[in-house]
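Asker: Supplied in structure tokens, the structure appears directly below.
The values are calculated or read from the model by the stated rules, or taken from the named source; none is laboratory data. This structure is a prediction, so every number in the text was calculated from the model and none was measured. Please note: Cβ atoms are built from the backbone with ideal geometry, for glycine as well, and neighbour counts cover all protein chains shown.
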Amino acid sequence: MAITQAMQQDIVNYLLDAEQERKEVLKLTENYPELSLNTAYDVQTLLIRRKIEAGTRSIGYKLGLTSKAKQEMMGVYEAIYGVLTRDMLALEWEPMDHKQFIHPKAEPEIAFFIGEDLQGTDITGEDVLRATQYVAAAIEVIDSRYLDFKFTLPDVVADNCSSAKFVIGSKMVPVRDVELPELGVVMTKNSQVVTTGSGAAVLGDPAVSVAWAVNKLGERGLGLRRGDVVLSGAITEAIAFKPGDTIQAQFAHLGSVTLSCV
Ligand code: 0L1
Ligand code: MG
């Protein structure tokens, strides 16, 4: 059975309700087993359109499933992208209220600040470096709307790749000043080290990861715009947190970024 436009709108309502009511829901493919990856991106587009109609705006993109470990864990062999909207941007000094989430997890990422438009289907990591003004430390909070964070690739793409919030560190570093694959990060929870990694965990090089997203966007006639921010993908596994927890990601060269949950 083909997924009609009306079904896509039903799916968007289902996902928006889950997010607004902070409730876990069954993954889409239980009821729509024929949901393809391409249609899932169409659903994601409709979902973001609804959010924009409700008052937010698109400010960039995020990459997901960029590490070999996460791809193998999920039995998939490609990365995914989602849209970042203005309401997702949280400030480092503002406590993050746990009540807005279902089952949040934090992951350290390198944020790219795009200095010139970039669109195409043959874009390389070097092209991305040329178009990038700065990089900065970031923590992404993911909060899948699905029961127990369990989903297939089309499920998670339709759910805007589990996007919820992100925090950017205050140090903006010119992209040519750092070797992105070699950048190390240590993530702590309540001052205890919980995970470590380096930029190479993100498709070998975070700039290659961003290039992958640009090429996928290019297939849909889209691209990056000057002023966009891109979260290039998780460097380590995601760490669950609860009220009272403080998560910090300390990066070599990029400084640190902190999230305090209340
Ligand atoms: O940002 C991410 O890496 C999340 C992508 C979706 C997979 C997940 O929710 O774990
Ligand atoms: Mg992420």
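The rows are residues; the columns are (1) polar (S, T, N, Q); (2) under 21 Å from G199 (Cα atoms); (3) within 16 Å of ligand 1 (Cβ to nearest atom); (4) at pLDDT 95 or above.
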| residue | (1), (2), (3), (4) |
| --- | --- |
| Q8 | yes, no, no, yes |
| L47 | no, no, yes, yes |
| E72 | no, yes, yes, no |
| Y81 | no, yes, yes, yes |
| R86 | no, no, no, yes |
| H98 | no, no, no, yes |
| A111 | no, yes, yes, yes |
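Conditions (1) out of contact with any helix residue (DSSP H, G or I) (no Cβ under 9 Å at 6 or more places or on another chain); (2) aliphatic (A, V, I, L, M); (3) closer than 17 Å to L129 by Cα, marked per residue:
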| site | (1), (2), (3) |
| --- | --- |
| F166 | no, no, no |
| S191 | yes, no, no |
| G197 | yes, no, no |
| A207 | no, yes, yes |
| L217 | yes, yes, no |
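Asker: What pairs come out if I take residues in segment 161-190 that are at positive phi and pair them with residues that are of a type outside the set (A, V, I, L, M) and part of a strand (DSSP E or B) whose C-beta lies under 8 Å away, six or more apart or interchain?
Answerer: C161/K62; C161/G64; C161/Y81; C161/G82; S162/G64; S162/G82; N190/T246
For (1) in contact (Cβ under 8 Å) with a residue 60 or more places away in the chain; (2) in a strand (DSSP E or B); (3) touching a Pro at 6+ places or on another chain (Cβ under 6 Å), each residue gets a yes or a no:
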| position | (1), (2), (3) |
| --- | --- |
| N13 | no, no, no |
| A18 | yes, no, no |
| T29 | yes, no, no |
| P33 | no, no, no |
| I48 | yes, no, no |
| K51 | no, no, no |
| T56 | no, no, no |
| Y61 | yes, yes, no |
| K70 | yes, no, no |
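Asker: Right, another one. Just for segment 109-143: of the residues that are in contact (Cβ under 8 Å) with a residue 60 or more places away in the chain and among the hydroxyl-bearing types (S, T, Y), which one is nearest to V186 (Cα to Cα)?
Answerer: T132
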